[in-house]
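The values are calculated or read from the model by the stated rules, or taken from the named source; none is laboratory data. Nothing here was measured: the structure is a model prediction, and the numbers come from that model. Counting neighbours? That spans all protein chains shown, and the Cβs are built from the backbone with ideal geometry, glycine included.
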Ligand SMILES: NC(=O)c1ccc[n+]([C@@H]2O[C@H](COP(=O)([O-])OP(=O)(O)OC[C@H]3O[C@@H](n4cnc5c(N)ncnc54)[C@H](OP(=O)(O)O)[C@@H]3O)[C@@H](O)[C@H]2O)c1
């Protein structure tokens, strides 16, 4: 039985690239974000359904996911934050916001989608997004690393709980050119300096992470679950050449 794939954050850099990729292979889509104008434009282009919700509002998020109908063949949660502050400047509000938008929102999205994902039967797939800054420590990343660490733990625990019917995997990008990272990539000199810290000598593009997410959502990944897969130009594990 086929069903829609829900993308929470479906108008974002990575979410929209994923939506276009899935549309190209014929998957019916349901997009969720806050800005209705951007949602309606992309949904119109892709023949997708859409619903507006702020993931911080659990009731609205549930309603937006349920509006996708049942069954669902997949769910991607592509909402996130980049909070870069030294420890002394991280407020409780920063840490709570990072946890809420990255981790709790993902848990609530999966919870809301679960009956429809189960209704699909074997082969349904869930994708969450972490960051290179969980597996490797970077200064100024305490709040976002803590929140995304919870996402990786959530992904593994869910993969165990939802097997064998539903697969759950996490994509962990390094710095990727999207609206979220504009503050870091807008300045060409800064972007070039960060690119040099990657053994593959460039920043990520939305297509890099979207390609991995699309693969993990599809039948070719039918024996892959519980994994955190780096899409990071080597930054998480390799020293760049001098
Ligand atoms: N870009 C990077 O460098 C990078 C690096 C590592 C990990 N990641 C992760 O990759 C994922 C996708 O990131 P991205 O770079 O594609 O982000 P993005 O371009 O900022 O897109 C975010 C998407 O989520 C929606 N969104 C944001 N806040 C929301 C909220 N409170 N409620 C509902 N929807 C919300 C946005 O639409 P609206 O604004 O209309 O709501 C948009 O569709 C995130 O989990 C991010 O943490 C990104």
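Could you grab me the full set of residues in the range 185-214 that are more than 30 Å from residue 122 (Cα to Cα) and under 19 Å from the mean Cα position of the chain (by Cα)?
Within the range 185-214, 203, 204, 205 qualify.
Which residue is nearest to the ligand (Cβ to nearest atom), if the candidates are limited to the range 22-51 and must be assigned to a helix (DSSP H, G or I) and buried (at least 18 other Cβ atoms within 10 Å of the Cβ)?
Once the filter is applied, the top-ranked residue is 39.
Looking only at the range 216-242, how many residues end up being over 21 Å from residue 157 (Cβ atoms) and buried (at least 16 other Cβ atoms within 10 Å of the Cβ)?
The number of residues fulfilling the criteria is 7.
Among (1) buried (at least 17 other Cβ atoms within 10 Å of the Cβ); (2) in contact with a strand residue (DSSP E or B) (Cβ under 9 Å, 6 or more places away or on another chain); (3) under 26 Å from residue 241 (Cα atoms), there is one condition residue 159 misses while meeting the rest; what is its number?
Tallying (1) buried (at least 17 other Cβ atoms within 10 Å of the Cβ); (2) in contact with a strand residue (DSSP E or B) (Cβ under 9 Å, 6 or more places away or on another chain); (3) under 26 Å from residue 241 (Cα atoms), residue 159 fails exactly one: (3).
With respect to the numbered conditions (1) over 19 Å from residue 80 (Cα atoms); (2) within 15 Å of the ligand (Cβ to nearest atom); (3) outside any helix (DSSP H, G or I); (4) out of contact with any helix residue (DSSP H, G or I) (no Cβ under 8 Å at 6 or more places or on another chain), which one is the sole condition not fulfilled by residue 164?
(2)
I need a count of the residues in the range 185-204 that are surrounded by fewer than 14 Cβ atoms within 10 Å (Cβ to Cβ) and under 23 Å from residue 15 (Cα atoms).
1
If you scan the range 69-103, which residues turn out to be part of a loop (DSSP other than H, G, I, E, B), away from the ligand (no atom under 15 Å from the Cβ) and either touching a strand residue (DSSP E or B) at 6+ places or on another chain (Cβ under 6 Å) or within 28 Å of residue 174 (Cβ to Cβ) (or both)? Walk me through it before giving the result.
In the first step, residues of the range 69-103 are kept if they are part of a loop (DSSP other than H, G, I, E, B); the result is 69-71, 78-86, 90-91.
Adding the requirement that they be away from the ligand (no atom under 15 Å from the Cβ) leaves 69-71, 85-86, 90-91.
Matches in the range 69-103: 85, 86, 90, 91.
With the structure loaded, tell me whether residue 113 is more than 18 Å from residue 184 (Cβ to Cβ) and either surrounded by fewer than 19 Cβ atoms within 10 Å (Cβ to Cβ) or more than 13 Å from the ligand (Cβ to nearest atom) (or both) or whether it fails that test.
So residue 113 fits the description; yes.
Return yes or no: is residue 151 modelled with pLDDT of 95 or more, touching a helix residue (DSSP H, G or I) at 6+ places or on another chain (Cβ under 6 Å), part of a helix (DSSP H, G or I) and near the ligand (Cβ under 9 Å from one of its atoms)?
yes
Identify all residues within the range 163-184 that are more than 24 Å from residue 194 (Cα to Cα), surrounded by fewer than 20 Cβ atoms within 10 Å (Cβ to Cβ) and in contact with a strand residue (DSSP E or B) (Cβ under 7 Å, 6 or more places away or on another chain); write none if there are none.
165
Do we find that residue 14 is within 15 Å of the ligand (Cβ to nearest atom), surrounded by 23 or more Cβ atoms within 10 Å (Cβ to Cβ) and in a helix (DSSP H, G or I) in this structure?
Yes; evaluated as a whole, the condition is true for this residue.
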